[in-house]
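Engineer: Take this structure first; my questions come after.
Throughout, read-outs are computed from the coordinates displayed, never taken from laboratory work. Bear in mind that the values here come from a model prediction, so they are computed numbers and not experimental data. Here the Cβ is made from the backbone with ideal geometry for all residues, glycine too, and neighbour counts use every protein chain on show.
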Amino acid sequence: MKLKSTNRAELLEGGSDARFRQLVYDLFTISTHMQSVRDHIAGRIGVTGPQYSILLAIAEMGNDVGVGVKRVAEHLHVSGAFVTAETGKLIKAGYLNKQQDSDDRRAVRLTLSTKGRREIEVVLPELRQVNDVFFSGLNKSEFEALSDIIAGMIDGAEQATENATSE
């Protein structure tokens, strides 16, 4: 059976999509490894992988003033409802603080609690080590190119998911 999984000429070599399919398989492999590592590190502090990503995003973006649910959702490319549900669990477990936004009384600002900050600090050395190994095959220009390429693919990935799942 001759398999052809794309029609885009840019993704074919001599009419074959073999290299494209290998790229997809490789991306699945990398994604699986990234999720495994995230879940492992998350487990070390007693949260799920997605909750760990939310904690890191809030630590990164919130500084001491906090960050809104909408901004976290945009940053992680997930829905606001998902972030709201997960941050509720993280607040209840003592990892996050929530306060009303002083500019918009309908919105909230999320910050790491003392416990949340302490737990992130505990796993940072392991996270640095894992990332150093995981991305050791890239030099600076390759890293910058890969970052740009992946960021440029996000909209298409979201649109393809919508199309595939709406049928």
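Engineer: Of all residues in segment 111-123 being in a helix (DSSP H, G or I) and aliphatic (A, V, I, L, M), which is nearest to T87 (Cα to Cα)?
Structural biologist: Restricting to residues being in a helix (DSSP H, G or I) and aliphatic (A, V, I, L, M), the top hit is I120.
Engineer: Based on this model, can you work out whether G94 counts as surrounded by fewer than 15 Cβ atoms within 10 Å (Cβ to Cβ) and in contact with a helix residue (DSSP H, G or I) (Cβ under 7 Å, 6 or more places away or on another chain)?
Structural biologist: yes
Engineer: In addition: Is segment 124-146 home to any residue that is surrounded by 12 or more Cβ atoms within 10 Å (Cβ to Cβ), of a type in the set (D, E, K, R) and in a helix (DSSP H, G or I)?
Structural biologist: yes
Engineer: Considering only residues that are loosely packed, with under 11 Cβ neighbours inside 10 Å and among the hydrophobic types (A, V, I, L, M, F, W, C), look in segment 1-29 and name the one that is farthest from V130 (Cα to Cα).
Structural biologist: M1
Engineer: Would you pick out the residues in segment 109-167 that are aliphatic (A, V, I, L, M), touching a residue at least 40 places away in the same chain (Cβ under 8 Å) and farther than 28 Å from I45 by Cα?
Structural biologist: Passing the criteria: only I154.
Engineer: Which one is nearest to P50 (Cα to Cα) among residues in segment 76-121 that are in contact with a strand residue (DSSP E or B) (Cβ under 9 Å, 6 or more places away or on another chain) and acidic (D, E)?
Structural biologist: E119
Engineer: Given the options R109, R105, name the one that is over 19 Å from the mean Cα position of the chain (by Cα), farther than 28 Å from M153 by Cα and surrounded by 19 or more Cβ atoms within 10 Å (Cβ to Cβ).
Structural biologist: R109
Engineer: Let me ask you something else. Just to check your reading of the model, which residue among H40, H33 is within 26 Å of V122 (Cα to Cα), touching a residue at least 40 places away in the same chain (Cβ under 8 Å) and surrounded by 11 or more Cβ atoms within 10 Å (Cβ to Cβ)?
Structural biologist: Result of the check over H40, H33: H33.
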